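First the structure, in the form of structure tokens, and then the observations on it.
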Amino acid sequence: METWDAITSRRNVRSFSDEPISPEHLDRILEAGRRAPSSQNTQPWDFVVVTDRAQLRRLSTVWVGAKHVASSAATIALVISDDPEPGRRVQFDLGQVTMSMMIAAADLGIGSGHAGVGDQAAANLQLGLPPGRACSFLISLGYPAGRPLAPIRKPDRKPFDEVVHRGTW
Ligand SMILES: Cc1cc2nc3c(=O)[nH]c(=O)nc-3n(C[C@H](O)[C@H](O)[C@H](O)COP(=O)(O)O)c2cc1C
């Protein structure tokens, strides 16, 4: 897929088909995250990849908005320190990771969805995290159950001229 098509095709997919993601494609998505930029190149992340159906179902219960994790082919948990240094831009860094992974996935026709974490203790336990680490976000992945990814002509966004200011506000 062209880069622009991957960018314009990405949308939150919350219903996935049974088709698995090949290990090569999953590794490419993870590699896209590993290559993401971070403040002072601190790379404050680890990635835990979950593909086991029973584990995915359990993980989908950690937040009301994480239900789509249950039917995903794979979900990547973004893990950070549970006591991040004040002033560090860790959430910004994770945003860069997330978008890189999602665009890499879209490029392969693979859908992705964000999920936050409500029950922190349950998420950490289910992922077997060591002390001092916490799951910050989940990215579910899989082929869309219905509509395949295709460029979205009219995205649900504020108008271009409303948000773009040139030179001054
Ligand atoms: C920081 C962040 C947190 C989000 N958390 C969730 C979530 O917990 N569950 C969910 O289904 N979607 C979540 N989303 C997805 C947004 O609702 C979605 O990106 C937005 O509505 C725009 O839709 P689109 O991604 O399809 O363009 C999150 C997105 C972001 C950026």
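Values in this text are rule-based calculations from the coordinates and carry no lab data. Quick caveat: nothing in here was measured; it's all calculated off a predicted structure. Ideal geometry is used to build each Cβ from the backbone, glycine not excepted, and the neighbour counts take in all protein chains shown.
Odds and ends about this structure:
- Cα centroid separation - the range 107-151 against the range 1-30, whole Å: 13 Å
- Among the trypsin sites (Lys or Arg not before Pro) in the range 1-57, those placed in a DSSP loop whose Cβ has at most 15 other Cβ atoms within 10 Å are Arg35.
- Cα gyration tensor, the range 1-99 - rounded (a/c under 1.5), prolate or oblate: oblate
- Using a Gaussian network model of the chain in which every pair of alpha carbons under 10 angstrom is joined by a spring, one finds that among Gly95, Gly113, Gly33 the greatest mean-square fluctuation is at Gly95.
- Rounded to 5, percent antiparallel among DSSP beta bridges of the chain: 95 percent
- Within the shell of other residues whose beta carbon sits under 12 angstrom from the beta carbon of Trp4, the net charge comes to -2, with Lys and Arg scored +1 and Asp and Glu -1.
- Cα shape, the chain, gyration tensor, a/c 1.5 rule: oblate
- Which of Leu127, Ala73, Asn12, positive extreme of dipole for the chain (C-beta unit charges): Asn12
- Contour minus Cα-Cα distance for Lys67 and Arg153 (0.36 nm per residue): 28.2 nm
- Potential lengthening between Glu19 and Ala145 on full extension [0.36 nm per residue; Cα-Cα distance subtracted]: 44.4 nm
- Taking the number of Cβ atoms within 10 Å of each Cβ as an exposure proxy, the fewest-first ranking of Ile110, Ile7 is Ile7, Ile110.
- Selected from Glu31, Glu85, Glu19 as most flexible by GNM, with the chain as the system and alpha-carbon contacts under 10 Å: Glu85
- Segment Leu125-Glu31, extension gain: residue separation times 0.36 nm, minus the distance between their alpha carbons: 31.3 nm
- Summed side-chain charge close to Ala105 - residues other than Ala105 whose Cβ falls under 11 Å, Lys, Arg +1, Asp, Glu -1: +1
- Helix content alone sets the calculated 222 nm mean residue ellipticity of the chain: runs of n ≥ 4 DSSP H residues at -39500 (n - 2.57) each, divided across all residues, give -9500 deg cm²/dmol.
- Residue among Thr98, Thr61, Thr42 with the largest mean-square fluctuation in a Gaussian network model of the chain, springs linking Cα atoms under 10 Å: Thr42
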